[in-house]
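Working notes, beginning with the structure itself.
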Amino acid sequence: MAVSSMKIALAGNPNVGKSTLFNALTGSKQHVGNWPGKTVEKKEGQLYIAGQEVIVVDLPGTYSLTAYSIEEVISRDFIVHERPGVVVAVVDAVNLERNLYLVTQLLELQVPVVIALNMSDIAQSRGFHIDTGKLSVQLGGVPVIKTIGTRGVGVDALKTAIQQLASPTVKQAASIDYDPNLEREIQQLEATIQAIPALAGQYVPRWLAIKLLEEDEDIVARLSAYPALLTQATEAAGRIEAATDDDAETLITDGRYGFINTVISGALYRPQVAVETRSDKLDRILTHKYYGVPIFLLMMWVVFQMTANVSAPMLDWVDGIISGPITHWVTALLGLLGLESTWVSSLLLDGVIPGVGGVLVFVPVLTTLYLAIGALEDSGYMARAAFVMDRVMRAMGLHGKSFLPMLVGFGCTVPAVYATRTLENESDRKLTGFLVTFMSCGARLPVYLVIGAAFFGARSGNLIFGLYILGIAIALLTGWGLKRTVYRNKPPQPFVMELPPYRAPRLRDVWRQTWERTSEFVRKAGTIILFSTMVIWLLMAIPARGEGEFNDVAPENSVFGVVSQVAAPIFEPAGFGDWQATGSLITGFVAKEVIIGSLSQIYVGEAETVDAVDEPMPTLTEDAAFIGSSFVDAAVLTVQEVVNIVPRTLNLVPFVQIPEADFLGIAGDEADTTALEAALTQAYTPLAAVAFSVFILLYTPCMATVAAMRQEFGRQFVFYQIAYTFGIAWLAAVVVFQGGTLLGFGG
Amino acid sequence: MTFQQQARDAIRDSGGRITPQREILFDLLSHVEEDIDADGLYRLAAQQDPNISLPTVYRTLNTLEDAEVIASQYVSTDHERKVYRVNDKKDVFHFTCSRCGKVTQVTSHLVDKLRQELGSQIGADVLTVCMCAGGLCEDCRKEAQIMTLDQLQNGQPAKVVKITGKGAVRRRLMDMGLVRGVQVEMVKAAPMGDPVDYLVRGYHLSLRKSEAQMIEIDLG
């Protein structure tokens, strides 16, 4: 028995129930991450066959194994270089021809393949009959196992087949009959490759020969050290074209599909007359000429409401626990250890706990987002959303599926960044991710509200509306510009997209994916958020001049204050070049809503916390009761927010005013900011205040966004994004201030 | 008697001189395989002798026609072009392509039958038959029939002939099963007309119009 555990891979087209089968195979033993250096999700799980551990790697869902998409390169690199013991090809029984195309390519890679004929129940209900025995024979001995991933049917048979196939005695011998002209050239190239030990040891010679004739960019680049071989391949391709009047790529694809036709003839019976399925009927409504767009907008509105409002009560609950009981307990613990009012207590209470809180508050938001996206994707609606909106979004240089991340961005930028995962293509994903930060998120609104109330009173609505429009305009302009510069030389990406049949979303799978992705956020992005909060705390604690000592220094004398003063002149042309504004913008990197807190702290002074002094410390039971009761409240409010989607939606119609539900009768706890407003009007002109708002709208939203972008798109992307947003924010603020001054609004 | 001798006689009979230029014309007429018009003959003759003039060509052709050494016929559907042929050739007539304007000489054994039938009908000796045929020539017919997938209407059955273009898009189209001979059906367009939903190999595939344009199809 082998000591090291066997590795197997799961391959298949998108929408064939691969994830469901992966879950059925591996149970709860899974690990989700990214493929090294890529923005593509990698899932790994464990499985035990006859007591032996087997590692299952879920390859990205692909239709083929070309060099044109990252997912396909990842999949084939894994098979070529890691040589998994067995590849399980998950095949949709309803859609056999197209699904077997990937199988033909797996066979060419000469890895042991077992076919999981998934969704065989649906195929049967449609009147399909598939002779698995015959299919297996025609495929040269590839085992074909009928599975129903959703009910776990066939999983044991699949395991047995994997086990049998893993023994090296089993040979699979399927060969595709290519055009004789092509076949001759393949064999000659194969012979040449066979004679080069470095290549023959690493690649399957026949596969490599085919890839060379296809002029596969990735392979050609990797074999640049073998110019003679490449020349031979180019010449061979030329001969094929001269002899057949067709290029090798066409002949190869024709050959594979021809092979598939032979394989399924006699093994597949399907009714001649295609019946209109329930999915087709549903599609007639959901992508209807007139209802299609309104239905789409409604769906997106509901997702927006879910991320922006439905998640809010739980968010407040998490926030309440952290600032309440957790803070109490830590304070009490510090008291017991005799560390109260030391720098340790300050680090914990002002640095670590708010940092952890800053991570955890995103959990409810991301959970609702992933639930919503999971449901949309699993049901098959997401492809329709792209279908319906492609025309409009393409005009702006974006993809039909870019709409959702953009919209979610008005609620919160962090889930918006993660929502770009629904886009298949990496450059679409990155472009959309680059632009979502310009959608003014919910955390920026309170800042506008305070500034608007201070300087414009009743007319503050105009300022806020203008800011939202400006954000959208900058996003469109940036997208337009990027398409013509950075993305100019990118070849056109195919939109070619399958519209999978509608299915009821599988709650268990959606929930699992939600859980995995959310916990991945906490692990990966969480550290960055926590770290940045502690850095700010540290900067504020270290004295740089004057009288203060560590952890006891006035803000303006701390490192933070000095940095702010040094940086302040940058904003002179924008009208807010004092250290107070600059300092609040630096804290705004942590989170936008923090700006108001920082400004009040600086201008109004430390607000005496009323309860902290006199009220006795709550007991443990009181705290426990608080956690419980506030959870119940939050749950009730969540239901209330779900219910309120209805009146909020109907209220969008002009002249309709339906009151929203208010189950607990809690009035919004508006913070009193009159003192701050008065101070701000003293310090700045209205024009400078507008410029300041414009800057807040456009620069990096928060550390959580940075962490999310770092996780999704990599370090380099984040660097460019921060540099660009900072530059455009500064420019826009300066244009507003200088332009306004010229036009006479300066007073 | 050769054609050249007949022609010289005819010219002399009408009082004309046998010039080197005329000899060139006789020679050309005796050799051209297909019917030729005055312009065409002039161009050929001018290659051999640049001094030849178009009026000379016209005059010579008229004289020969009057002497019945050569025959003439108007071709193309609107009878706008007169072509000449050496008399001893068979009944041929012309097919003119209405799209590219190309003229093709055709003949049919039915012309002889027609001559006899007409002759017995009116008791005449039918010597010439003038017929014009028009339509799309072979090339034009093929070209006009090349449809691309974006032109396919709902409910029309069609088969893929060829995928044009190159790169990622073309490869993806082929990978998705759009290869020669496969059936495609247009299901419906998106609300704004683009993209379009097609049924291929039993599944729904959405293509932008620009992508569908890369796919040549054959109806039926």
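Structural remarks
- Dipole of the protein assembly as shown, positive end: most advanced residue of A:N557, A:L664, B:F3 [Cβ charges, Cα centre]: B:F3
- Residues whose amide H lies under 5 Å from that of A:K7, counting only those 5 or more places away or on a different chain, are A:I55, A:G85; hydrogens are built 1.01 Å from N in the peptide plane.
- Note on A:V535/A:V656: beta-carbon distance plugged into 1/(1 + (r/R0)^6) with R0 of 60 Å gives a FRET efficiency of 0.80.
- Spacing of the modelled spin labels on A:A195 and B:N51, each 7 Å from Cα toward Cβ, amounts to 7.0 nm.
- At a threshold of 30 Å², the residues of the range A:57-91 that become less accessible to a 1.4 Å probe in the full protein assembly than in their chain on its own are A:Y63, A:T66, A:Y68.
- Between B:H204 and A:L499, the built amide H atoms are under 5 Å apart, and every one of these is 5 or more places off in sequence or on another chain.
- Spatial separation of Cα centroids for the range A:141-217 and the range B:159-178, in angstrom: 24 Å
- The range A:685-747 and the range A:51-90 have Cα centres lying 43 Å from one another.
- Residue by residue, the range B:128-138 carries 3J(HN,Hα) couplings of 10, 10, 10, 9, 10, 10, x, x, 9, 6, 4 Hz when phi is fed to the Karplus relation 6.51 cos²θ - 1.76 cosθ + 1.60 (θ = phi - 60°); x denotes Gly or Pro.
- Screening chain A for DSSP H helices whose Cα atoms reach 27 Å or more along their own axis and whose mean Kyte hydropathy is at least 0.0 gives A:460-484, A:507-541, A:620-650, A:715-742.
- HN-Hα J in Hz across the range A:401-407 - Karplus 6.51, -1.76, 1.60, θ = phi - 60°, x for Gly and Pro: 7, 6, 4, 4, x, 4, 5
- Each Lys and Arg adds +1 at its Cβ and each Asp and Glu adds -1 at its Cβ; summed about the Cα centre, the range B:146-219 shows a dipole of about 280 debye.
- Other protein chain C-beta atoms within 10 Å of residue C-beta, averaged over A:592-601: 0.
- Taking only protein heavy atoms and a 1.4 Å probe, the accessible area of the range B:146-219 is 50% carbon and sulfur.
- Residues whose amide H falls under 5 Å from that of B:M147, counting only those 5 or more places apart or on a different chain, are B:I217, with hydrogens built in the peptide plane.
- Cα gyration tensor category, rounded, prolate or oblate, for the range B:146-219 with a/c compared to 1.5: rounded
- Accessible surface computed residue by residue for the range A:180-269, with neighbouring protein chains in place and a 1.4 Å probe, gives 44 Å² per residue.
- Carbon plus sulfur fraction of accessible area for chain A, probe 1.4 Å, in percent: 62 percent
- Between the alpha-carbon centres of the range A:5-25 and the range A:618-667 there is a gap of 41 Å.
- Accessible surface for the range A:6-166, divided over its residues, is 32 Å² per residue with a 1.4 Å probe.
- Averaged over the residues of peptide B:181-187, the number of Cβ atoms from other protein chains lying within 10 Å of each residue's Cβ is 2.
- Candidate aspartates and glutamates for bridging to B:K113, where Cα separation is under 16 Å - those fewer than 8 sequence places away on the same chain excluded: B:D91, B:D125
- Three-way shape call for the range A:6-166 based on the alpha-carbon gyration tensor, with the a/c threshold at 1.5: rounded
- Estimated FRET transfer efficiency (B:Q156, A:V220; beta-carbon r; R0 56 Å; 0.05): 0.90
- Sparse-neighbourhood loop sites, trypsin sites (Lys or Arg not before Pro) in the range A:119-190 - DSSP loop, at most 10 other Cβ within 10 angstrom: A:K171
- Total accessible area lost when B and A pair, probe 1.4 Å, Å² to nearest 100: 3400 Å²
- Those GluC sites (Glu not before Pro) in the range B:4-57 that DSSP places in a loop and that have at most 16 other beta carbons within 10 Å: B:E33, B:E34
- Ranked by how many other beta carbons lie within 10 Å on average, peptides A:449-459, B:7-17, A:706-716, A:689-699 from highest: A:689-699, A:706-716, A:449-459, B:7-17
- In this rough spin-label picture, where each label sits 7 Å from Cα along the Cβ direction, the A:V330-A:H31 distance is 3.0 nm.
- Once both labels are positioned 7 Å from their Cα atoms along Cα-to-Cβ, the gap between A:V275 and B:D112 label points is 6.5 nm.
The values are calculated or read from the model by the stated rules, or taken from the named source; none is laboratory data. Given the structure is predicted, the values throughout are model-derived calculations rather than measurements. No Cβ is skipped: glycine too gets one built from the backbone with ideal geometry, and neighbour counts run over all protein chains shown. All accessible areas refer to the heavy atoms of the entire protein, side chains included, with ligands and DNA or RNA removed. Shrake-Rupley method; radii C 1.70, N 1.55, O 1.52, S 1.80 Å.
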